[in-house]
1. Considering only residues that are over 17 Å from Phe131 (Cβ atoms), assigned to a helix (DSSP H, G or I) and free of Cβ contacts under 8 Å to residues at least 60 places away in the same chain, which ones fall in region 317-336?
2. Find the residue count for region 82-99, including only residues that are out of contact with any Asp or Glu (no Cβ under 7 Å at 6 or more places or on another chain) and among the basic types (Lys, Arg).
3. Which one of these does Arg23 not meet: (1) charged (D, E, K, R); (2) over 26 Å from Ala128 (Cα atoms); (3) assigned to a loop (DSSP other than H, G, I, E, B)?
4. Restricting region 121-141 to residues that are in contact with a Ser or Thr (Cβ under 7 Å, 6 or more places away or on another chain) and part of a loop (DSSP other than H, G, I, E, B), which is nearest to Asn210 (Cα to Cα)?
5. Taking Leu188, is it more than 19 Å from the chain's Cα centre (by Cα), outside any helix (DSSP H, G or I) and either under 30 Å from Pro124 (Cα atoms) or in contact (Cβ under 8 Å) with a residue 60 or more places away in the chain (or both)?
6. So, in region 120-151, how many residues would count as being in contact with a Pro (Cβ under 9 Å, 6 or more places away or on another chain) and closer than 29 Å to Thr219 by Cβ?
7. Taking region 37-56 only, how many residues are in contact with a helix residue (DSSP H, G or I) (Cβ under 6 Å, 6 or more places away or on another chain) and part of a helix (DSSP H, G or I)?
Amino acid sequence: MASPTTSSDTSPEWGRCLANCVRTLVIGLVLVYALMILVDPYDTGKFGLLGIRGVDDHNTFTATPSRARDPNFDSAIIGNSTAQMLQPAELSKATGLRFVQLYLTGANPQEQLTALDLFLRNHPRVGALVFVVDPYWCAHVPAQSPPGAFPDWLYDQSRIAYAARLLSWPAIEHAFQRISIGLGWHRLRDPSGFFSYEDIWLPGTFRENNAPRDPPPATTVAERETLPEVARLDAAVKKLPAETSVVIVVPPTLQSKMPQPGTPAAADREACNAALRRVVAGRPNSNFINYRIDNALTRDRANFADFIHYRPSIATKIMEGIAASIRDGEAAKIDF
């Protein structure tokens, strides 16, 4: 009768098998990590040795770092989706500058200024900056991003923080997209960052959503003058060379959603507009333009996709005002 196999007979074989599995796993992880370093999945410029340029990324938070460092541009549009319909190519044609869209869908002012910082670090000479400031900018308390909502590690200068997040499924997916771009298998997304929501929302239809998120009105005069986001913007603008044009644009909303004259909300808005105007007052080739007014354009629903997202008919007017402001500064004739 055969004797039963003991654990002492099989343990060396099982140990070698386990060691081989662990070794294979470690080698695989090292190879994947090396690929991440070679490809630089998000095109941040922190790594990458293959010479692949650009991304094909629908997420504006993760796509913006690639565009913000692109040396082909010298000017930028900063904002959230209320800036999305401003076409960099049209502004470039009208001004002789080279604009890139750095809008971040749903971003608060702090996140938008983070994108600005990245753009400025990569562009020592900036021709113009356009800030599209929605009601978030008029808040009386600083905006805070929920933990993990904004990928700061893509925007700061730390290679270590970036490298620590490269072993993830999203990073691997982005890496293979970039490899496909390098091989010519994948279409490169518009490097200027323009994407029209007319392509996904039916033209001519109005959606009853996205009401403007105006902050609660101030309860005191002192609180009304407390505008931390405008103060951040002012500090950022003061650091810019005088030759950099700065245009601050208040985007339009459908008239029915504007604060009613004589209300505390309207007084708040007037105080915020005055503070924003002071940011660029006296600055060469710069201007503040308020498009959130009651007129025939803002009363017509056909000019809006929803309460805050305007259509090309209005975007064209805004771009004309921006170009005129870069050319003539505060003397620009604004047709709206």
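1. The first filter runs over region 317-336 and keeps only residues over 17 Å from Phe131 (Cβ atoms), leaving 317, 320, 327-328, 331, 333, 335-336.
Narrowing the set further to residues that are assigned to a helix (DSSP H, G or I) leaves 317, 320, 327-328, 331.
Residues satisfying the conditions are Lys317, Asp328, Ala331.
2. First, the residues of region 82-99 that are out of contact with any Asp or Glu (no Cβ under 7 Å at 6 or more places or on another chain): 83-96, 99.
Narrowing the set further to residues that are among the basic types (Lys, Arg) leaves 93.
Residues meeting the conditions: 1.
3. Arg23 satisfies every listed condition except (3).
4. Step one: of region 121-141, the residues in contact with a Ser or Thr (Cβ under 7 Å, 6 or more places away or on another chain) are 126-129, 132, 134, 140.
When the remaining residues are screened for being part of a loop (DSSP other than H, G, I, E, B), the result is 126-127, 134, 140.
Numbers: Val126: 33, Gly127: 33, Asp134: 12, His140: 21 Å.
Selected residue: Asp134.
5. Working: more than 19 Å from the chain's Cα centre (by Cα): no; outside any helix (DSSP H, G or I): yes; either under 30 Å from Pro124 (Cα atoms) or in contact (Cβ under 8 Å) with a residue 60 or more places away in the chain (or both): yes.
Answer is no for this residue.
6. Going residue by residue through region 120-151, those that are in contact with a Pro (Cβ under 9 Å, 6 or more places away or on another chain) are 122-123, 125-126, 132-143, 151.
Going one step further and asking which of them are closer than 29 Å to Thr219 by Cβ, we end up with 132-143.
So the answer is 12.
7. 1
For (1) touching a His at 6+ places or on another chain (Cβ under 6 Å); (2) assigned to a helix (DSSP H, G or I); (3) of a type outside the set (Asp, Glu); (4) surrounded by fewer than 18 Cβ atoms within 10 Å (Cβ to Cβ), each residue gets a yes or a no:
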position: His58; (1), (2), (3), (4): no, no, yes, yes
position: Ala63; (1), (2), (3), (4): no, yes, yes, no
position: Asn72; (1), (2), (3), (4): no, no, yes, yes
position: Ala89; (1), (2), (3), (4): no, yes, yes, yes
position: Lys93; (1), (2), (3), (4): no, yes, yes, yes
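The values are calculated or read from the model by the stated rules, or taken from the named source; none is laboratory data. Note that the structure is predicted; figures quoted are calculated from it, not measured. Quick reminder, even Gly has a Cβ in these numbers, built from the backbone with ideal geometry, and neighbours come from all protein chains shown.
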